[in-house]
Amino acid sequence: MRGSLLVDNIGELVTNDGRAGDPLGVRRDAAVLVEDGEVAWVGPARYAPAADRRIDAGGAAVLPGFVDSHAHLVFAGDRAAEFAARMAGEPYTGGGIRTTVGATRAASDDDLRATVGRLRAEMLRQGTTTVEIKSGYGLNVADEARSLRIAAEFTADTTFLGAHVVPAEYADRPDDYVGLVCGPMLAAAAPYARWIDVFCERGAFDADHARAILACGQAAGLGVRLHANQLGPGPGVRLGVELGAASVDHCTHLSDADVDALAGSETVATLLPGAEFSTRSPYPDARRLLDAGVTVALATDCNPGSSYTSSMPFCVALAVREMRMTPAEAVWAATAGGAAALRRTDVGRLTPGSRADLVVLDAPTHLHLAYRPGVPLIRQVLHNGVPR
Ligand code: NIG
Ligand code: FE
């Protein structure tokens, strides 16, 4: 949208400007000037420049749009019955992934596109302005490539997850499947992908297979991220740090050595409390990571199996209630933390030059995101400076 836009009468503005002692960079009685889809100016409302249009925040809180750095949106079908069985006591093993692979392979491009579009719209309504989208329910050359082609219609942060699990047809030949992923599948997927990811877990891919696949992805120019230490302790987190991963995701079962490795690295620990909620598992200990100096992000993990939520506010509330994060830490992790996990500096903050992605809450402060769980508190969203 052309012309300038002033958002003013902001009671609490979260800038994430990195100011020492106040990571949220909160400003009171502030205004934000938007031009050409970017933040052009931030300052006290009384000094606000004139603009073509105005949004009156009515004394409410304004935050950067949420950055959901981990989502699996390209799939067909759902697994509601599997969820019901879990709530009746069945454990989560990841075995249901193959069910979704079958449904996804059978779906048309338009069906997959419609599902991604529906979930992306759902996210936007809940304040998410940046989302990463993974493949991982195709698990053959054609279906992984088309999953990423469709994902790329919705985001620049696309992730090749051909190594989600070994598909049934390769069950007794996992080495051959790793060869397929590193060879023709990567070649077909790479033009649409920014990242490569592996589910490094007992029952999925071990450290040797994960290292081989991630190295091939790096050689093809993709950045590294991992599903690590979700269902039990394992080598995933340390492998991610060793390879310079932007993020290791889940981090539910960590040893002291895992925490130390993360603390001495640039790798973000992305926590996905929707997965623990939906699999009825113990939550990761965010406090331990934060106290060790690790950068923590929060994301939804939106997928039909382990975490079918698209709501970052829900994840913020869970992180505060169940993972010993303060509301400020959780809001930072859901915005600036997500941006760090995607190695992006243009989103997750509201400072001059950043993308004009912001949410106006129906609440006076960010605290209400945890204090009023389940309440639709997103009054208005601006994405690239455009009201949605
Ligand atoms: O991040 N852990 C592996 N992958 C997904 C779950 C996928 C599924 O169950 O369909 C996750 O939780
Ligand atoms: Fe995931």
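The values are calculated or read from the model by the stated rules, or taken from the named source; none is laboratory data. Just so it is clear, the model here is predicted, and its values are computed rather than measured. Counting neighbours? That spans all protein chains shown, and the Cβs are built from the backbone with ideal geometry, glycine included.
Quick look at the values:
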item	result
Extreme residue, nearest to T155 (Cα to Cα), among residues of segment 181-214 that are charged (D, E, K, R) and within 24 Å of the chain's Cα centre (by Cα)	R194
All positions within segment 244-284 that are under 25 Å from L222 (Cβ atoms), within 20 Å of the chain's Cα centre (by Cα), surrounded by 20 or more Cβ atoms within 10 Å (Cβ to Cβ) and not hydroxyl-bearing (S, T, Y)	A245, A246, V248, D249, H250, C251, L262, V268, A269, L271, L272, A275
Test for G348: is it in contact with a Gly (Cβ under 7 Å, 6 or more places away or on another chain) and not in a strand (DSSP E or B)	yes
Residue match in segment 357-367 (condition: touching a residue at least 24 places away in the same chain (Cβ under 8 Å), surrounded by fewer than 21 Cβ atoms within 10 Å (Cβ to Cβ), more than 22 Å from I97 (Cβ to Cβ) and hydrophobic (A, V, I, L, M, F, W, C))	yes
Which listed residue, of D249, D256, is within 18 Å of M323 (Cα to Cα) and in contact (Cβ under 8 Å) with a residue 60 or more places away in the chain	D249
Members of segment 64-96 that are among the aliphatic types (A, V, I, L, M), surrounded by fewer than 24 Cβ atoms within 10 Å (Cβ to Cβ) and either outside any helix (DSSP H, G or I) or within 20 Å of the chain's Cα centre (by Cα) (or both)	A76, A88
Unmet criterion (only one of (1) in contact with a Leu (Cβ under 8 Å, 6 or more places away or on another chain); (2) crowded, with 19+ Cβ neighbours inside 10 Å) for W41	(2)
Condition check for S265: among the hydroxyl-bearing types (S, T, Y), more than 16 Å from ligand 2 (Cβ to nearest atom) and within 28 Å of M323 (Cβ to Cβ)	yes
Criterion: within 14 Å of ligand 2 (Cβ to nearest atom) and not hydroxyl-bearing (S, T, Y) - qualifying residue of L180, L231, L239, L254	L231
Residues (touching a Leu at 6+ places or on another chain (Cβ under 8 Å) and over 24 Å from F314 (Cα atoms)) located in segment 65-104	V101, T104
Considering residues of segment 136-167 that are in contact with a Phe, Trp or Tyr (Cβ under 6 Å, 6 or more places away or on another chain) and in contact (Cβ under 8 Å) with a residue 40 or more places away in the chain only, the residue farthest from ligand 2 (Cβ to nearest atom)	R149
Where a residue in segment 1-27 is among the small types (G, A, S) and its partner, wherever it lies, is surrounded by 15 or more Cβ atoms within 10 Å (Cβ to Cβ) and assigned to a loop (DSSP other than H, G, I, E, B), with Cβ under 6 Å and at least six apart	S4/A51; G11/A60; G25/T15; G25/N16; G25/D17
Members of segment 113-139 that are closer than 22 Å to D346 by Cβ and of a type in the set (K, R)	R120, K134
Any helices (runs of 4 or more DSSP H) falling wholly within segment 235-329 and containing at least 2 residues that are assigned by TED's automatic domain parsing to the domain that holds S135 and within 13 Å of ligand 1 (Cβ to nearest atom)	273-279
All positions within segment 273-329 that are under 18 Å from M123 (Cα atoms), more than 13 Å from ligand 2 (Cβ to nearest atom) and of a type in the set (V, I, T)	V316
Members of segment 126-141 found to be closer than 22 Å to V316 by Cβ and buried (at least 24 other Cβ atoms within 10 Å of the Cβ), listed by number	G127, T128, T129, T130, V131, E132, I133, K134
Residue match in segment 14-31 (condition: modelled with pLDDT under 95, within 28 Å of A245 (Cα to Cα) and buried (at least 16 other Cβ atoms within 10 Å of the Cβ))	yes
